[in-house]
Amino acid sequence: MIWQTTRFQIDLARPQVMGIVNVTPDSFSDGGQHADTASACAHCDQLLAEGVDILDIGGESTRPGSDMPSLDEELARVLPVVRHAVTLGLPVSVDTSRPEVIRAVLDVGADIINDVRALTWPGALEAVAAHGRTGVCLMHMQGQPKTMQAAPAYQDVVAEVKAFLAERLAQVRMAGIADERITLDPGYGFGKLMEHNLGLFQRQQELLSLGRPLLVGWSRKGMLGQITGRPKGERMVASVAAALAAITRGARIVRVHDVAATVDAIKVWQAAGLAGEPQAS
Ligand code: 7PJ
């Protein structure tokens, strides 16, 4: 399978490492250490040196309980970093839900829109559809970041996530976005308790029957803290293990903070024959 993006056709025969570049003062996992443009750009360079396949730049913290920045603030955070990242010769994804931000970053050459709200905000779908090749990741979330962990509830988490992604996939196709541009994400930690995350993870392969590659993010998330008892700064090993488990369960792109470690782990997984093309179950 390939993932069509603005400038690159990403070959998913090998699992791809998407490296996280947060440009937020309140980001979930790195305490806002890349909040200024220069350090975020330097972080892009660092991840490139570590072997990252795709950069994912975000200016809105979507950690549980967080507020949205203003549009101007989000643009001021993201645009200069995207301008730098597109000079590095690898696909650049931008984590945003706002149509104005989508248009602005596509105008400066971004390759992928990664939307935790699956292009549900008015105008977002049209902004992506207006570009003929831009890639998109559609993620499931129950609720909104501000309140999503207050009382997540599901009858059948796998069925509900799958139905949501199927519905978004249909809408996105109807807007004229070709299948090869689309990846799907179950949205671990987004309006999900431990039991929901684990239930979804155990049956992750069922999502492959939607026919699109899966992108997943476990990196440093709360559930890994619950499992290991470790604070955010000490979750690298847990995050690498989760990334490998996700690949084994059919994910083709893993969104991570710890790029060098994940790249090494995937090389071993591949050499061992454990990272082959996934099968739907
Ligand atoms: C995800 C994301 C994820 C996708 C964030 C964090 C919270 N985008 N953006 N999937 N998580 N596609 O990094 O912990 O899981 S922000």
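What follows draws every value from the coordinates through simple rules; no lab data is involved. All of these numbers come straight from a predicted model, not from anything done at the bench. Cβ atoms come from the backbone with ideal geometry, glycine included; neighbour counts cover every protein chain shown.
Observations
- Lysine pair number, Cα distance threshold 23 Å (strictly under), the chain, separation 8 or more or different chains: 8
- Subtracting the Cα-Cα distance of Val108 and Gln9 from 0.36 nm times their residue separation leaves 33.8 nm of extension gain.
- Using the Cβ-Cβ distance between Thr120 and Ala272 with R0 set to 51 Å, the FRET efficiency from 1/(1 + (r/R0)^6) comes to roughly 0.80.
- Building the convex hull from the alpha-carbon atoms of the chain and averaging its projection over directions returns 12.8 nm².
- Pair Gln144, Glu73: separation of 7 Å Cα→Cβ label points (nm): 1.4 nm
- With the highest mean first, a sort of the peptides 89-97, 145-153 on other beta-carbon atoms found within 10 angstrom per residue produces 89-97, 145-153.
- When the helices of the chain are scored as -39500 (n - 2.57) per DSSP H run of n ≥ 4 and the total is divided over every residue, the value at 222 nm lands at -11000 deg cm²/dmol.
- Using R0 = 45 Å, the C-beta based FRET efficiency linking Asp36 and Gln205 works out to 0.65.
- Highest to lowest packing among 227-234, 209-216, 46-53, scored as the average C-beta count within 10 Å: 209-216, 46-53, 227-234
- Each peptide in 113-121, 241-249 receives the mean, over its residues, of other Cβ atoms within 10 Å, and ordering these scores from highest gives 113-121, 241-249.
- Cut-off 15 Å, label 7 Å out along Cα→Cβ of Met1, residues of the range 208-249 by amide N: 208-217, 246-249
- Taking other residues whose beta carbon is less than 12 angstrom from the beta carbon of Ala242, and scoring Lys, Arg as +1 and Asp, Glu as -1, yields +4.
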